[in-house]
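**Student:** One structure, as structure tokens, below. Some questions next.
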Amino acid sequence: MDVRCGMDLVDISRFVKIVEESNTAFINKCFTEGEKSYCDSAKNPAKKAERYAARYAAKEAVGKALGTGLLSEGVGMHDIEVVKNAKGVPEVRLSGGALAHAEDLGVCSVSISLSHDGGMAGAYCVMLLGK
């Protein structure tokens, strides 16, 4: 069994500006309806920015673990979705080009961890390959 990993850090202040300016073009380009619903459910604009930043970092981390990055080799922003399971733990749902690459690699499990503190949001992704 092989392991692949990826991580990313994002400056939350970038997302504070996006939230304050209601930059819907950027938000719609990068996030799924489910992600937007979750992030926008926060009443506090700073909390919204943290949620968006962490999910953006997660998408980058997953792209790095896939070895494709984002917006290349057919992997789009909406192909990597951060969801919460029944216990509230963040998980990744892959579709489109991201799912195709994961299947080609033989990915049998994807795990992520999200964090934000000190003005930064981070995400770490671990993929187990069963090929």
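**Student:** Inside the range 122-131, can you point out the residues that are aliphatic (A, V, I, L, M) and in contact with a Leu (Cβ under 7 Å, 6 or more places away or on another chain)?
**Tutor:** 123, 129
**Student:** Please return the ranges of helices (runs of 4 or more DSSP H) entirely within the range 1-73 where 2 or more residues are closer than 25 Å to residue 110 by Cα.
**Tutor:** Once the helices (runs of 4 or more DSSP H) in the range 1-73 are filtered for at least 2 residues that are closer than 25 Å to residue 110 by Cα, what remains is 24-30, 33-40, 45-66.
**Student:** Among the residues that make up the range 76-90, is at least one of them of a type in the set (A, V, I, L, M), part of a helix (DSSP H, G or I), free of Cβ contacts under 8 Å to residues at least 60 places away in the same chain and within 23 Å of residue 129 (Cα to Cα)?
**Tutor:** yes
**Student:** Looking at the range 38-92, which of the residues that are touching a Ser or Thr at 6+ places or on another chain (Cβ under 6 Å) and modelled with pLDDT of 95 or more is surrounded by the fewest Cβ atoms within 10 Å (Cβ to Cβ)?
**Tutor:** Only one residue fits best here, namely 78.
**Student:** For the range 93-109, does any single residue satisfy the condition of being in contact with a Cys (Cβ under 7 Å, 6 or more places away or on another chain) and farther than 14 Å from residue 126 by Cβ?
**Tutor:** For the range 93-109, residues in contact with a Cys (Cβ under 7 Å, 6 or more places away or on another chain) and farther than 14 Å from residue 126 by Cβ: absent.
**Student:** If I go through the range 100-131 residue by residue, how many of them are assigned to a helix (DSSP H, G or I) and crowded, with 19+ Cβ neighbours inside 10 Å?
**Tutor:** Here the count works out to 2.
**Student:** Hey, another quick one. Suppose we keep only residues that are out of contact with any strand residue (DSSP E or B) (no Cβ under 8 Å at 6 or more places or on another chain) and of a type in the set (Phe, Trp, Tyr) within the range 21-58. Which one would you say is farthest from residue 122 (Cα to Cα)?
**Tutor:** 26
**Student:** May I ask you to list pairs of residues, at least six apart or on different chains, whose Cβ atoms are under 6 Å apart, with the first in the range 102-115 being touching a residue at least 12 places away in the same chain (Cβ under 8 Å) and the second being surrounded by fewer than 15 Cβ atoms within 10 Å (Cβ to Cβ) and part of a strand (DSSP E or B)?
**Tutor:** 105/129; 106/129; 107/129; 108/128; 109/128
The values are calculated or read from the model by the stated rules, or taken from the named source; none is laboratory data. These numbers come from a predicted model, not from an experiment. So basically every Cβ, Gly included, is an ideal-geometry build from the backbone, and we count neighbours across all protein chains shown.
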